[in-house]
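Some notes on the structure that comes next.
The values are calculated or read from the model by the stated rules, or taken from the named source; none is laboratory data. None of the values given here were measured: they were computed from a predicted structure. Cβ atoms come from the backbone with ideal geometry, glycine included; neighbour counts cover every protein chain shown. When the accessible area is computed, the model is the full protein with side chains, heavy atoms only, and any ligands, DNA or RNA have been set aside. Shrake-Rupley method; radii C 1.70, N 1.55, O 1.52, S 1.80 Å.
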Amino acid sequence: MTAIYVLESLGRDAESAVEAVAQKLKDDKNGFVRWGAARVLHNVAPLQPQKAVHALAKALSDDNKTVRRTAVQVLSRYGSQAKEAVKPLGVAVADTEPVIRKDAIHALQAIGAAANSAQGVVVQALADQKPEVRFAAAQALAHLGPLDEKAKKELVKALQDANSSVRQAASETFLEN
């Protein structure tokens, strides 16, 4: 565990350890070590995406919610280089933790048009019970490429949302598309 702390403190200077850290994230039995490994990858992102993104995508199904949340946040930092993680991020949009759902939507937004295949799950998130998740979904749809008809229909509904931030985000998404 001490090595993880050292690597985390090195920031981008820990780039040479990305492969070993990614392996710890995938395989270590200790949730605290996996969480630390995800934090190290956060500090070196967006370097070494070919080594980090796969491990981060796998971590989205970790039993430990802190590991899942950290992994989803790190994937946001990889932006379009995290396109390999679109499918697991789409699954994470339905996570039991609202903050993970919101962060997964932000990660899809950061990936951009390459995450268009996840548009359907983001549209479903417009009906989430948490306004911060609905807001993130309305915002993200502006960045996932052309809106399909279902997305347009659900955004029209979002224009009537009880939360003013959701209404504003839906309106801005329409203007951007």
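Compute the long axis of helix 65-78 from its Cα atoms, compare it with the longest principal axis of the Cα atoms of the chain, and write down the angle in degrees, 0 to 90, nearest 10.
Taking Cα atoms only, the helix is inclined about 80 degrees.
Give me the distance in nm between label points sitting 7 Å out from Cα along the Cα-to-Cβ direction at SER80 and LYS65, one decimal.
3.5 nm
Taking the simple approach of a point 7 Å from Cα along Cα-to-Cβ for both ALA162 and GLN124, what is their distance in nm?
The two pseudo-label positions are separated by 2.3 nm.
If the viscosity is 1.567 mPa s and the temperature 4 °C, what Stokes-Einstein diffusion coefficient in µm²/s follows for segment 55-140 when Rh is the Kirkwood radius over Cα pairs? Before the final figure, lay out the partial values.
Numbers: Rh = 12.1 Å.
Translational D for this selection: 107 µm²/s.
Checking the a/c ratio against 1.5 first, then a/b against b/c, what shape does the Cα gyration tensor give for segment 94-156?
oblate
Cα-Cα over 26 Å: which of LYS58/LYS157; LYS65/LYS153; LYS102/LYS157; LYS26/LYS130; LYS29/LYS130?
Too far apart for the 26 Å limit: LYS58/LYS157; LYS65/LYS153; LYS26/LYS130; LYS29/LYS130.
Please report the relative contact order for the chain, taking Cα pairs under 8 Å with a sequence separation of at least 6, and give it as a percent rounded to a whole number. If you can, show how the numbers build up before the last one.
Details: 293 pairs, mean separation 24.9, N = 177.
The normalised contact order for the chain reaches 14 percent.
May I ask you to order 48-57, 164-173 by the average number of other C-beta atoms within 10 Å around their residues, highest value first? Display every interim value, and only then the final one.
On the way: 48-57: 21.4, 164-173: 18.3.
Result, highest mean Cβ count within 10 Å first: 48-57, 164-173.
So what's the angle, to the nearest 10 degrees on a 0 to 90 scale, between helix 18-27 and the longest Cα principal axis of the chain?
So the helix axis and the longest Cα principal axis differ by about 80 degrees.
Just want the answer: with Cβ charges of +1 for Lys and Arg and -1 for Asp and Glu, which residue in ALA37, PRO98, GLN168 is farthest toward the dipole's positive end in the chain?
PRO98
How far is helix 49-59 tilted off the main Cα axis of the chain, in degrees rounded to 10, range 0 to 90?
70 degrees
Work out, in µm²/s and without decimals, the Stokes-Einstein translational diffusion coefficient of the chain at 20 °C, 1.002 mPa s, Rh from Kirkwood over C-alpha pairs.
It comes out at roughly 131 µm²/s.
Could you check how much of the accessible area of the chain is carbon and sulfur, as a whole percent, using a 1.4 Å probe?
The C+S portion of the solvent-accessible surface of the chain is 51 percent.
According to the Kirkwood expression over distinct Cα-Cα pairs, how big is the hydrodynamic radius of segment 11-54, in Å?
Answer for segment 11-54: a Kirkwood hydrodynamic radius of 10.0 Å.
Could you sort the peptides 40-46, 90-96, 149-155 by per-residue average Cβ neighbour count (10 Å cutoff), highest mean leading? Can you show the working numbers first?
Values: 40-46: 23.3, 90-96: 18.3, 149-155: 15.3.
With the highest mean Cβ count within 10 Å placed first, the list reads 40-46, 90-96, 149-155.
When the solvent-accessible surface of protein heavy atoms is calculated with a 1.4 angstrom probe, in what order do ASP148, ASP63 fall, highest first? Kindly include the intermediate steps, with their values, before the conclusion.
On the way: ASP148 70, ASP63 150 Å².
Ranked from most to least accessible, the order is ASP63, ASP148.
Please give the contour-minus-distance gain from VAL91 to LYS153: 0.36 nm per residue of separation, less the Cα-Cα distance, rounded to one decimal in nm.
Full extension of this stretch gives 20.1 nm more.
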